[in-house]
1. Listing B:Ile309, B:Ile195 from the residue with the fewest other Cβ atoms within 10 Å to the one with the most, what is the order?
2. Calculated FRET efficiency, B:Glu47 and B:Asp229, Cβ-Cβ r, R0 45 Å, to nearest 0.05?
3. Among B:Thr255, B:Thr278, B:Thr37, determine the one that fluctuates most according to a GNM of chain B built with springs between C-alpha atoms less than 10 Å apart.
4. Select from chain B the helices, each a whole stretch of DSSP H, whose alpha-carbon atoms run 15 Å or more along the helix axis and whose Kyte-Doolittle mean is at least -1.0; answer none if there are none.
5. Can you give the calculated 222 nm mean residue ellipticity of the protein assembly as shown, where each DSSP H run of n ≥ 4 adds -39,500 (n - 2.57) and the sum is split over every residue, rounded to the nearest 500 deg cm²/dmol?
6. Which angle from 0 to 90°, rounded to the nearest 10, does the C-alpha axis of helix A:76-101 make with the longest principal axis of chain A?
7. Would you calculate the separation in nanometres between label points at B:Thr37 and A:Ser33, each defined as 7 Å from the Cα along the Cα-to-beta-carbon direction?
8. Exposed loop sites here are trypsin sites (Lys or Arg not before Pro) in DSSP loop states with at most 16 other C-beta atoms within 10 Å. What is the longest stretch of chain B lacking them?
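What follows draws every value from the coordinates through simple rules; no lab data is involved. Not measured: the values here are computed from a predicted model. Here Cβ is always computed from backbone atoms with ideal geometry, including for glycine, and neighbour counts include all displayed protein chains.
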Amino acid sequence: MNSQFKRGIIELCVLSELVGDDMYGYMVINNISSHLDVNENTIYPILRRLTIDGYFSTYLEESNQGAPRKYYRITDSGFQYYMELRNEWDRFIGGVYEILNQGGKKNEEILRKFEERTAKTKNRKTGN
Amino acid sequence: MKNELQKQKIEKQEIEEIIRDHEEMINEALAEGLSETEIVDKFGEPERVAKDIADSNHVKDTQENKKFSMATAWKTIKVDSIISSAIISLLSEDITYETVNEDEITIYYDGNEDMSLYDVSFENGIFNFKRRQEFGRIFFKKHNSDMQFLVKFPKKIEIHEFKHSSVSGDITVKGIIGDTIGVSTTSGDISVNGIVTKTGKISSVSGDIVMNRCIVETLSINTVSGDMDVDNLAINEELRIDSVSGDVEINNTETKRTAFKTVSGDMQGSEFYPGEITFSSVSGDVDIRNQDQSKIIKVLKKSSVSGTIQINNIQRNKN
């Protein structure tokens, strides 16, 4: 996958996770990797980069795990960036679906259309 | 991993923070009962992690070192009659508009964006400058959020309609003279200086708006959460301000009629003579302090849940 494309999607997911609640790093990574096949070495650098860019602030909180956890909290500019990115994503994915749906929305419909088409070309070839 | 980070020339302080973050995350994974191989699987080889972090750092470095010089004159367009419309539509670029004693429009730029994305035309008196829309671009290509433009218009040539819209870039408008001037953005800041127009419309969702030394007949300013700072405006007819939560500060400004609508934004004025004022708010207040007691301010209508209106040289409408 184009690495910039992947990065953009992970950014959107990381922002989305943190829009709802403050979270610590491992939690963000776990939540995302339970849906998508990405690991820590993709997510952590993005989390860190977004923090340096001012989209997240961090604070430490004691945990029953021993060492305190670093929590990430989305900032106003982070929220704004999320909205921009999300808007862009919706438009992009909308465009993709417009293309896909031209061929039919459901599998049966797509299959039927394809069979009709292949039947036609077969007929043409055999001259019937 | 520490060694690997050092190889990538990351600063010592940063390395310690990154190591600390990873210790925390690995401890969480261990506490969850993950085995060592599962952890390596989840976190990747230290060498790879260090490289990914360094990569995302370098992007930033080159951006920060960049200084804008506006050295490149990109397009020059000769204008001999009038500009009936100047329509500019951009995305996240910062832009400044100025007027100069020349008879051409010149566009300067600085930044690394692919310039074939921008279309400029001047036909039948209509000047168009826009960025082509490419949905999903942000996901495919490196995002160049640091583009800057400077557009110089001929001072002597009339502009009937001037319209700028963009999503997140900051906008500066200086000295433009036109029948109607409209500037709108979602999150960029707007700064307007020395414009002369019959109808001015300035709107922003979350950006701040600053206006200075302008002459207008009717002016409407709109914002959701951005603040407004207005100073030294001569408004011949009417000033309309709509804000949801943004605060408004108005100094040294005079007009015949003012309408201020807000939910929770406050208005503070000094040497602000709003003429006849209509005010509606949920909790926003109005507080105006003026020296000149001879200029009459009439409150035509006030509707507010908990907001108050205070004008020190106020003359109340009966009833």
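1. Fewest to most other Cβ atoms nearby, the residues stand as B:Ile309, B:Ile195.
2. With a Förster radius of 45 Å, E is 0.30.
3. Of B:Thr255, B:Thr278, B:Thr37, the Gaussian network model singles out B:Thr37 as fluctuating most.
4. Working: long enough: B:12-31 (28 Å, -0.79); B:46-65 (29 Å, -1.50).
Sorted by number, the helices that extend far enough and score high enough are B:12-31.
5. -10500 deg cm²/dmol
6. Compared with the principal axis, the helix lies near 10 degrees.
7. Label at B:Thr37, label at A:Ser33, 1.6 nm between them.
8. B:157-255
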